[in-house]
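The values are calculated or read from the model by the stated rules, or taken from the named source; none is laboratory data. Nothing here was measured: the structure is a model prediction, and the numbers come from that model. Cβ placement follows ideal geometry from the backbone for every residue including glycine, while neighbour counts extend to all protein chains displayed. Protein only, heavy atoms only, side chains kept; ligands, DNA and RNA dropped before computing areas. Shrake-Rupley method; radii C 1.70, N 1.55, O 1.52, S 1.80 Å.
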Amino acid sequence: MKQGIHPENYRQVCFKDMSNGETFVTKSTVETKDTVEIDGVEYPLVKLEISSTSHPFYTGKMKLVDTAGRVDKFMNKYKKHLTKK
């Protein structure tokens with residue numbers, strides 16, 4: 001490893017998969033405003049839309065991940081163009 005190019009402020013951070021509620025704690029330098037308490041210890045919290053515990057590649061289960069309603073927004077925006085022929 002090259003000296004002097006890696007951050008030194010690693011700390012324990014909790015990552016939470018918002019699609020299934022799974023959490024895991026690991027070292028990171030990510031900045032966050034939220035915190036969570038796990039087993040009496042307070043950790044900085046990073047919220048994820050998807051992680052290895054919910055991604056179809058890792059779980060083997062196919063599911064539609066559309067937390068923002070992108071398909072509905074598209075359909076509503078282009079509804080009149082899609083119905084015309």
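One table, with the values for the structure above:
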{"quantity": "Residue satisfying all of: in the range 1-39; at pLDDT 90 or above, acidic (Asp, Glu) and assigned to a strand (DSSP E or B); most open to solvent (accessible area, probe 1.4 Å) among these", "calculated": "GLU37"}
{"quantity": "Count of the range 40-50 residues which are within 15 Å of the chain's Cα centre (by Cα) and open to solvent by 80 Å² or more (accessible area, probe 1.4 Å)", "calculated": "2"}
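Residue-by-condition table, conditions (1) modelled with pLDDT of 75 or more; (2) on the phi > 0 side of the Ramachandran plot; (3) in contact with a Leu (Cβ under 9 Å, 6 or more places away or on another chain):
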site	(1), (2), (3)
VAL46	yes, no, no
GLU49	yes, no, no
LYS61	no, no, no
ALA68	no, no, no
VAL71	no, no, yes
ASN76	yes, no, no
LEU82	no, no, no
